[in-house]
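Step one of this worksheet: look at the structure below.
The values are calculated or read from the model by the stated rules, or taken from the named source; none is laboratory data. Predicted model only: the values in this text are computed from it and were never measured. As a convention, Cβ positions derive from the backbone with ideal geometry for all residues, glycine included, and neighbour counts pool all protein chains shown.
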Amino acid sequence: MFTLPAINLKKIPESRVVPMAKMAELSTYKIGGRVAFLVEAAPIAAELNYLINWAAEVGIPWAIIGNGSNILMPDEDQLALIIKMAPPKEPLTINGAEITVYSGVNNSLLAQKAAEAGLAGLGFLYDIPGTVGGGVVQNAGMNEESLGQLVLSVTSLSPGGETITTAADKLAFGYRESIFKHDFKDHLIISARLKAPGHDDPARLLGDMEAIKELRHSKFPMEYGNCGSVFKRPAGYYAGKLIQDAGLSGYTIGRAQVSPKHRNFLVNLGGATASDVKKLITHVQNEVYKKFGVKLERELLYLEEIWHGQKS
Ligand SMILES: Cc1cc2nc3c(=O)[nH]c(=O)nc-3n(C[C@H](O)[C@H](O)[C@H](O)COP(=O)(O)OP(=O)(O)OC[C@H]3O[C@@H](n4cnc5c(N)ncnc54)[C@H](O)[C@@H]3O)c2cc1C
């Protein structure tokens, strides 16, 4: 444990600052200790800048998250600041085929609003349980469709405190990749401008989205804490098939299990620790490599990998 520094976040309303917040509530894995400060931040450059300067002054690291649907939180309490992007009252604006959306907005809301406006091509986002910010960073997608393909530009706050808008062709989108994992990894994404590739009947679009959601949920172990697929798809293979063929379906360490329903989901059976999940990940990687010579690369992020400030 540590001594909590005095909270002097004078410019942030008290209602949006949570001391000693439970990190398990910040990740769909439902795992984790506590973090000294959680702030639900508005997508306003001045506010975000204030927060990261405050963390630097107090001398603690910070991380920015969306829905935590791709982050494993650590078991140990963290003397740090987590900034959770919250959606503003007006989450997005639609102008013709163009949509400007704030980073803290859920993909499902974005897809729904687009469909209601008769804009096609965003339906795949409906059941990816994250925010637009996390989706841009990860270039979230399904099958051959990904968020990066819809992006015209992204507005972010640079570590120098500058608000910049970068066109899509400079954002290095690839399979679960973007510049925000590399050169722009210290940027805080404020908003994105997207272009819908087509038009269709709203009722049909909404119906299709619900059907995809139903189909996915019938294949996913949604009854357990999880962060979706843990491993990226290796070229020429499917991670889940390799894991199954390695005889690891249902393999359990502590309370973490290779889901027999979807082998690329390593689930929290209830009471799993981050350490259980990490050990299971390493075991799966080692076994698959031993049997098939394929290196499974993690899609899941560890909070330790995304600290900014002194821990990075
Ligand atoms: C049941 C389930 C199904 C899933 N299915 C899919 C799927 O089909 N396809 C897919 O691609 N993913 C899938 N995922 C994984 C996850 O939903 C995506 O990776 C999603 O894009 C993560 O968004 P998030 O808001 O939760 O980001 P987080 O997990 O909170 O963060 C992910 C990364 O983005 C960064 N980040 C978040 N917001 C910002 C911001 N505003 N500025 C800068 N950096 C930011 C974080 O620092 C971190 O590095 C699934 C997850 C679950 C639980």
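Scan the range 121-137 residue by residue and report those that are within 18 Å of Ala63 (Cβ to Cβ) and either more than 6 Å from the ligand (Cβ to nearest atom) or assigned to a helix (DSSP H, G or I) (or both).
Narrowing the range 121-137 to residues within 18 Å of Ala63 (Cβ to Cβ): 130-137.
Across the range 121-137, the qualifying residues are Val132, Gly133, Gly134, Gly135, Val136, Val137.
Residue by residue through the range 35-94, note down the ones that are in contact with a Gly (Cβ under 9 Å, 6 or more places away or on another chain) and acidic (Asp, Glu).
Within the range 35-94, Glu40, Asp75, Glu76, Asp77 meet the criteria.
Being closer than 15 Å to Leu79 by Cα and either aromatic (Phe, Trp, Tyr) or crowded, with 23+ Cβ neighbours inside 10 Å (or both) is the filter here; which residues of the range 20-37 pass it?
Matches in the range 20-37: Met23, Gly32, Val35, Phe37.
Out of Gly207, Gly174, I need the residue that is under 23 Å from Ile65 (Cβ atoms) and modelled with pLDDT of 95 or more. Which one?
Numbers: Gly207 fails: under 23 Å from Ile65 (Cβ atoms).
Every option except Gly174 fails the conditions.
For the range 12-44, give me each residue that is of a type in the set (Ser, Thr, Tyr) and touching a residue at least 40 places away in the same chain (Cβ under 8 Å). Break it down into steps so the answer makes sense when it comes.
Of the residues in the range 12-44, the ones of a type in the set (Ser, Thr, Tyr) are 15, 27-29.
If the condition is that a residue be of a type in the set (Ser, Thr, Tyr) and touching a residue at least 40 places away in the same chain (Cβ under 8 Å), then Ser27, Thr28, Tyr29 are the ones that fit.
Can you give me the number of residues within the range 51-62 that are surrounded by fewer than 18 Cβ atoms within 10 Å (Cβ to Cβ) and within 22 Å of Gly134 (Cβ to Cβ)?
Count: 0.
So how many residues does the range 63-79 have that are closer than 26 Å to Ala6 by Cβ and crowded, with 21+ Cβ neighbours inside 10 Å?
The number of residues fulfilling the criteria is 5.
List pairs: first residue in the range 64-86 and closer than 13 Å to Leu38 by Cα and basic (Lys, Arg), second residue more than 6 Å from the ligand (Cβ to nearest atom) and outside any loop (DSSP other than H, G, I, E, B) anywhere in the structure, Cβ distance under 6 angstrom, at least six positions apart or on different chains.
Lys84/Glu40
Just to be sure I understand, how many residues within the range 178-199 are out of contact with any strand residue (DSSP E or B) (no Cβ under 8 Å at 6 or more places or on another chain) and away from the ligand (no atom under 11 Å from the Cβ)?
Summing the residues that are out of contact with any strand residue (DSSP E or B) (no Cβ under 8 Å at 6 or more places or on another chain) and away from the ligand (no atom under 11 Å from the Cβ) in the range 178-199 gives 2.
Quick one: which strands (runs of 3 or more DSSP E) lie wholly within the range 176-279 and hold at least 3 residues that are under 30 Å from Pro91 (Cα atoms)?
Working: elements: 188-195, 256-258, 266-268.
The qualifying strands (runs of 3 or more DSSP E) are 188-195.
Here are some conditions: (1) within 13 Å of the ligand (Cβ to nearest atom); (2) closer than 18 Å to Ser27 by Cβ. Asn143 meets all but one. Which one does it not meet?
The single condition Asn143 does not satisfy is (2).
So which of Tyr238, Tyr289, Tyr224 ends up being among the hydroxyl-bearing types (Ser, Thr, Tyr) and over 22 Å from the mean Cα position of the chain (by Cα)? I'd like the intermediate steps shown before the answer.
Numbers: Tyr238 fails: over 22 Å from the mean Cα position of the chain (by Cα); Tyr224 fails: over 22 Å from the mean Cα position of the chain (by Cα).
On inspection, the qualifying residue turns out to be Tyr289.
Six or more apart or on different chains, Cβ atoms under 9 Å: show the pairs whose first residue is in the range 217-233 and surrounded by 20 or more Cβ atoms within 10 Å (Cβ to Cβ) and whose second is among the polar types (S, T, N, Q) and assigned to a strand (DSSP E or B).
Filtered contacts from the range 217-233: Tyr224/Gln257; Tyr224/Asn268; Gly225/Asn268; Asn226/Asn268.
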